[in-house]
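Here is the structure we will look at.
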Amino acid sequence: MTIAPAKAGWRFRQPSVIPGFGLTLGFSLAYLTLIILIPLSGLIWRSAALGWTDFWAIATDRRTLNALEISFGAAFIAAAVNVVFGTLVAWVLVRYRFPGRRIVDAMVDLPFALPTAVAGIALTTLYAPNGWIGHLLAPLGIKVAYTPLGIVVALVFIGLPFVVRTVQPIMEEIDKEVEEAAATLGANRFQIITRILFPGLAPAIVTGFSLAFARGVGEYGSVIFIAGNLPYKSEIAPLLIVIRLEEYNYPAATAIAAIMLLLSFLMLLVINLAQSWSRKRYG
Amino acid sequence: MADPEIKSYEPHHESQSAAVTESLPVRLLLMAVAFAFLVIFVLLPLIIVFHEALAKGLGAYTESLSNPDTRSAIRLTLLVAAIAVPLNVVFGISAAWAIAKFEFKGKAFLTTLIDLPFSVSPVISGLVYVLLFGAQGLLGEWLKAHGIQILFAVPGIVLATVFVTFPFVARELIPLMQEQGNGDEEAALSLGANGWQTFWYVTLPNVKWGLLYGVLLCNARSMGEFGAVSVVSGHIRGLTNTMPLHVEILYNEYNAVGAFAVASLLAGLALVTLVLKTLLEMRYGAEIAATRGH
């Protein structure tokens, strides 16, 4: 038979001699459904049961709006900072040879490994007005701990490895010959970086940004210690969910969580579109 | 190709040409900025944990660690990890087997679903269980009638931990097993091995380092998780406080030495994790999937 049996019937899976498909897929689906899907759909079901007017009232409440604005705003700024410094760190690690490079490389993963509560109290102690860094900034009139700036600092810490670890492997793959060819053709270093290297890295940078941003929006543990948590000023959305829960205000907690999920989902969608655009544009 | 000038353009050679790398002052400047950034944002937070923990001497440090509430927090954290990690290992292996060894409809969608917990805020991961098992929750009445306590007890903490660490093992094994293909398994089967033998003697040895890598990351996260656990725990001292939650309580009581002493144990765990992870990457880089980090 040379012609593919196009109408041979819809097949759920390709035939294979390897056993265990039913068992492993069945177990995986059951576990996924019990642990992730049922609880998450419970959240969606509960917020749908609120009704549109109640939902809208919670969503447009001044405190909710401010908390969302702070979470998304701080996460955006922190991700932007990480794009600049994370790309620089990746560049130094990939292109330059220096003693202790392995250790510096491993250090980048510390924010992944360090529990968020530990990061939170450590950063707060550093940036408090009498802390190692805080007392240097205090004479300049810069307050970090217990202000929105503190939230950004915590989210920069949390997001750094996402950018470095996304950009680094792509940077390693760049063929130096392309740069050499450009140099031979008379391009200077600046032109090579902006016209040749950056376009190749752009999709990875966008991905790193989106991962750092998504993580920052939902971050709780490292932020609540340093933020000061003033309503309307430095209160992040996840904290507001916790506060509403402690007040037994389940509808409000549910609604804010649903809005966060929805916004994160929309954001990922936009970023995916931006990514496929940049791939087409530069790819 | 004997010409030394041409040789210096070979990719493996460290070329000093101004067009292919930056000039020395620029290189030094870039390195200085990158190091300064890493020192301020990564190294100092780590150092201050140990500095504060030992601020009042070794005696105060060991004393705060021998506190009964601290002891029970350590025990609870170990217990939770001992339940959550094996559960996610079994799931990870099973999901990777189904996804990597077979072609079926909806595979990409399933892979996306497995990553879902990473894009959910930890607080929301805890909240979903409160909505399910809480007093006002969907199953709240039924659980109360049968005297089953899930929320503000160990089962709730385990569930929230399983939720947030759900993808770690699976996402490590799936690309690795996909890369390795089915050839070894097909050979074993054709030589008469049964399914379990094939898995135990062929697949598992092939993926053992990748599996260990996933377990390492899964364990670090499950011992360190704060947000999700905080929502479901109820913060009962000596009963439902894990180590990260105990850090928060001590810190809010202005017991800096106590808080940082417990934090130093968690930071130590992070350091051990990083060292083992780096060793695994160095030694078995090729046998660990290309997906590093996260």
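The values are calculated or read from the model by the stated rules, or taken from the named source; none is laboratory data. Predicted model, so just to flag it, every value in this text is computed and none were measured. Neighbour counts run over all protein chains shown; Cβ positions are idealised from the backbone, glycine included.
When we screen A:Y96, A:Y31 for residues that are under 30 Å from B:F41 (Cα atoms) and among the hydroxyl-bearing types (S, T, Y), the only hit is A:Y96. When A:E246, A:E179, A:E235, A:E173 are checked against the criterion of being touching a residue at least 24 places away in the same chain (Cβ under 8 Å) and charged (D, E, K, R), A:E235 stands alone in meeting it. Out of everything in the stretch B:257-268 that is more than 8 Å from chain A (Cβ to nearest Cβ) and touching a residue at least 24 places away in the same chain (Cβ under 8 Å), what residue ends up being nearest to B:S222 (Cα to Cα)? By that ranking, first place goes to B:L265.
Do any helices (runs of 4 or more DSSP H) entirely within the stretch B:178-294 hold 3 or more residues that are crowded, with 21+ Cβ neighbours inside 10 Å and out of contact with any Gly (no Cβ under 8 Å at 6 or more places or on another chain), and if so, which?
Details: elements: B:183-190, B:195-198, B:204-224, B:227-233, B:243-252, B:256-284.
Hits in the stretch B:178-294: B:204-224, B:243-252, B:256-284.
Being touching a Leu at 6+ places or on another chain (Cβ under 9 Å), assigned to a helix (DSSP H, G or I) and not charged (D, E, K, R): is that true of A:G22 here? No: the conditions fail for A:G22.
Among the residues here, B:T111 qualifies as surrounded by fewer than 18 Cβ atoms within 10 Å (Cβ to Cβ) and among the β-branched types (V, I, T).
Of the candidates B:T240, B:T165, B:T161, the single residue that is of a type in the set (S, T, Y), in contact with a helix residue (DSSP H, G or I) (Cβ under 6 Å, 6 or more places away or on another chain) and modelled with pLDDT under 95 is B:T240.
When the stretch B:107-146 is filtered for residues that are of a type outside the set (A, V, I, L, M), at pLDDT below 90 and not in a helix (DSSP H, G or I), the ones remaining, listed by number, are B:G134, B:Q136, B:G137.
Would you check if A:I142 is modelled with pLDDT of 95 or more and either under 25 Å from B:S125 (Cα atoms) or surrounded by fewer than 16 Cβ atoms within 10 Å (Cβ to Cβ) (or both)? Answer is no for this residue.
Of the residues making up the stretch A:236-262, those that are within 11 Å of chain B (Cβ to nearest Cβ) and either surrounded by fewer than 18 Cβ atoms within 10 Å (Cβ to Cβ) or closer than 26 Å to A:V144 by Cβ (or both) number 12.
The stretch A:56-125 holds helices (runs of 4 or more DSSP H) entirely within its bounds, and those carrying 2 or more residues that are more than 29 Å from B:L28 (Cα to Cα) and not β-branched (V, I, T) map to A:62-95. Given (1) within 11 Å of chain B (Cβ to nearest Cβ); (2) touching a residue at least 24 places away in the same chain (Cβ under 8 Å), where does A:F76 come up short, assuming only one miss? Of (1) within 11 Å of chain B (Cβ to nearest Cβ); (2) touching a residue at least 24 places away in the same chain (Cβ under 8 Å), only one is false for A:F76: (1).
Pairing residues of the stretch B:212-223 that are among the β-branched types (V, I, T) with residues that are at pLDDT below 95, at Cβ distances under 6 Å and at least 6 apart in sequence or on separate chains, gives no pairs at all.
Is at least one residue of the stretch B:271-284 within 14 Å of A:V118 (Cα to Cα) and modelled with pLDDT of 95 or more? Lay out the reasoning, then the answer.
The initial filter retains those residues of the stretch B:271-284 that are within 14 Å of A:V118 (Cα to Cα), namely B:271.
Applying the additional criterion that residues be modelled with pLDDT of 95 or more yields B:271.
Yes: one or more hits.
Are any of the residues in the stretch A:74-89 over 20 Å from the mean Cα position of the chain (by Cα) and buried (at least 16 other Cβ atoms within 10 Å of the Cβ)?
no
Residue count for the stretch A:126-148 satisfying the condition of being without any contact (Cβ under 8 Å) to a residue 60 or more places away in the chain, more than 14 Å from chain B (Cβ to nearest Cβ) and part of a helix (DSSP H, G or I): 3. Pairs meeting the criteria (first residue in the stretch B:194-206 and over 22 Å from B:A286 (Cβ atoms), second residue not in a helix (DSSP H, G or I), beta carbons under 6 Å, at least 6 apart or on different chains) are B:G195/A:P19; B:G195/A:G20. If you go through the stretch B:204-248 and keep only what is under 17 Å from B:G268 (Cα atoms) and of a type in the set (D, E, K, R), you end up with B:R221, B:E225.
Given A:K233, A:K280, which one is in a loop (DSSP other than H, G, I, E, B), more than 8 Å from every other protein chain (Cβ to nearest Cβ) and basic (K, R)? Spell out the reasoning first.
Details: A:K280 fails: in a loop (DSSP other than H, G, I, E, B).
From the options A:K233, A:K280, the qualifying one is A:K233.
Each row is one residue, and each column tells you yes or no for (1) more than 9 Å from chain B (Cβ to nearest Cβ); (2) touching a Lys or Arg at 6+ places or on another chain (Cβ under 8 Å); (3) assigned to a helix (DSSP H, G or I); (4) within 30 Å of A:L240 (Cβ to Cβ).
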site: A:I18; (1), (2), (3), (4): no, yes, no, no
site: A:F27; (1), (2), (3), (4): no, no, yes, no
site: A:L37; (1), (2), (3), (4): no, no, yes, yes
site: A:T53; (1), (2), (3), (4): yes, no, yes, yes
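The residue list A:P148, A:P99, A:P129 contains one member that is in contact with a His (Cβ under 8 Å, 6 or more places away or on another chain) and more than 23 Å from B:M243 (Cβ to Cβ), which is A:P129.
For first residues located in the stretch A:94-105 and under 17 Å from B:L276 (Cα atoms) and at the interface with chain B (Cβ under 7 Å from one of its Cβ atoms), partners that are assigned to a loop (DSSP other than H, G, I, E, B) and not charged (D, E, K, R) and lie 6+ apart or on another chain with Cβ distances below 9 Å form the pairs A:V104/A:F98.
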